[in-house]
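Bear in mind these aren't lab numbers, they're just calculated from the coordinates by the rules spelled out. Keep in mind that what you see is a predicted model, and the values were worked out from it rather than measured. Glycine also receives a Cβ, built like all others from the backbone with ideal geometry; neighbour counts cover every protein chain displayed.
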Amino acid sequence: MEEERKTIVEVLEELMEAKRIGIKELAEITDVPERYVEAIVVGKFEQLPAGPYVRGYLFKIAHALGADPNLLWRSYGRFVEATVTPKDDRLPSNRFALKRVSTRRVVIAAALLAILVFLGFRLDDILGRPSLNVYVPETSQTDVIAVTGDVSPGDTLTLNNEVVYPNEEGKFEKQVRLEPGLNSLEFRVKRFLGRETKVVKQVFYRPE
């Protein structure tokens, strides 16, 4: 029972002195890295690896010194395990093992992929140059004419800075009042991110 109350440092000190074995020689005999043998002998337990490895080292050291391996392990556990967190006692993770991926990350990655695919198909609709087809007579004998044409659905169309609203298919018709002489009609169609197409048409109004 006397030995049970001794610290592992005291036990090892007595055993090594009795066997006249130093740290370096003990490391060579047990094939335990010298830095770990020294850490155990002098009590620098924070420098040791996880508990399962230390247990193996202690058993090798005990056999080399002719001591009870369970005695060394109990001495180590009694004075050290109380300060070791559970995660410190685990074996190092296998870096080649498959790691669990959180559901949240999978959902975020899938959403980002879906957005990229959508943008890939709609890139021209968002960044491309908008198209504009306009049908305007070159001359007129009436002061009001019908201007027709079509744009891509979703593009913004103006005629002489007045907004024109196409239908769902992008077709539009606008009644325009003319002044006698030459009239300029400026059409502008603008895409979502700012690209723009401009078309200018001229109509000569000659009253009857």
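Counting other Cβ atoms within 10 Å of each Cβ, which trypsin sites (Lys or Arg not before Pro) in segment 29-62 have at most 15 and sit in a DSSP loop?
Lys44
Could you tell me what % of all Cα pairs in segment 132-205 have separations over 20 Å?
27 percent
Between Thr158 and Val106, what is the label-to-label distance in nm when each label sits 7 Å out along the Cα-to-Cβ direction?
Calculated label separation equals 5.0 nm.
Rounded, prolate or oblate: which fits segment 1-66 when a ≥ b ≥ c are the square roots of the eigenvalues of the alpha-carbon gyration tensor, with rounded for a/c under 1.5 and prolate only if a/b beats b/c?
Oblate.
Pop the C-beta distance of Arg35 and Asp68 into the FRET formula with R0 = 22 Å and round what comes out to the nearest 0.05.
The computed FRET efficiency comes out at 0.30.
What distance in nm separates the two pseudo spin-label positions at Thr142 and Val200, each 7 Å out from Cα along the beta-carbon direction?
Each label point lies 7 Å from its Cα, and together they span 2.8 nm.
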